[in-house]
Amino acid sequence: MEEKELVENIRNGDASAFRNLVDEYQVKVLNVSYRFVNNREDTEDIAQEVFIEVHRSIEGFRGDSKLSTWIYRITVSKSLDFLRMKSRKKRFGKMKYLNGEEETEEQIPASNTVNPEKELENQDRIRVLMNAIGTLSENQRVAFTLSKIDELSYKEIAEVLGSTISSVESLIHRAKVNLRKKLYNFYKKNI
């Protein structure tokens, strides 16, 4: 089904058209969101919010950009909103500690690889990289993630961010420089 037809059918209340949209974009939305929040349950909640927002706002979709870009924009926005809310909650986290409540981290599932030592090393590297990406400024983190992990073009990233291509280039360049410094310092300390 063509994009314009899909949007029009959703606007006309066609539930199967909306299911088609969810089926087509669900994995992309989950992947983008996961790269920001790094937690499967939170990612699923955000994806649900994204599709609720898509359904609620489809009337306002003008078609100036591709539907996928519009959905990416909503996904990034919902993911960043979640991180901001989580950051605010951390400020009050000491109350939980004082009450004896402790938060548990999501467990990494066991791997089927032949070399568990190598797998742990790779997981550690990924964790270090994701932590370093998490320390970037919000715009750098978004631009870098959409470029290097989700493989969007600079033009698509500019549309998602409501920015220019040259601004995106600059953000990604600064993100690379900052990551290089952070990772160099981390590995220098830990070797």
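The values are calculated or read from the model by the stated rules, or taken from the named source; none is laboratory data. The structure presented is a predicted model; accordingly, all values stated were derived computationally and were not measured. Because the Cβ atoms are built from the backbone with ideal geometry, glycine has one as well, and the counts that use them run over all protein chains shown. Side chains included, ligands, DNA and RNA excluded: accessible areas come from the protein's heavy atoms. Shrake-Rupley method; radii C 1.70, N 1.55, O 1.52, S 1.80 Å.
Tabulated results
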item	result
C-alpha center-to-center spacing [the range 1-19, the range 161-191] in angstrom	40 Å
log₁₀ of I(q)/I(0) at q = 0.26, 0.27, 0.31 Å⁻¹ - the range 150-191, Debye sum with one point per alpha carbon	-0.81, -0.84, -0.97
Sulfur and carbon atoms: percent of accessible area, the range 11-53 [1.4 Å]	40 percent
Dmax and Rg, reported as Rg then Dmax, of the range 1-80 (C-alpha, Å)	12.2, 36
Packing rank of 166-178, 128-140, where each peptide gets the mean count of other beta carbons within 10 Å, highest leading	166-178, 128-140
In the range 1-89, the GluC sites (Glu not before Pro) that fall in loop regions by DSSP, at most 13 other Cβ within 10 Å	GLU2
1.4 Å probe accessible area per residue over the range 1-74, in Å²	59 Å²
Restricting the range 24-87 to trypsin sites (Lys or Arg not before Pro) in coil, as DSSP defines it, with at most 14 other Cβ within 10 Å	ARG62, LYS66
Cα-Cα over 30 Å, subset of LYS78/LYS182; LYS4/LYS86; LYS66/LYS181; LYS78/LYS189; LYS28/LYS189; LYS4/LYS78	LYS4/LYS86; LYS66/LYS181; LYS78/LYS189; LYS28/LYS189
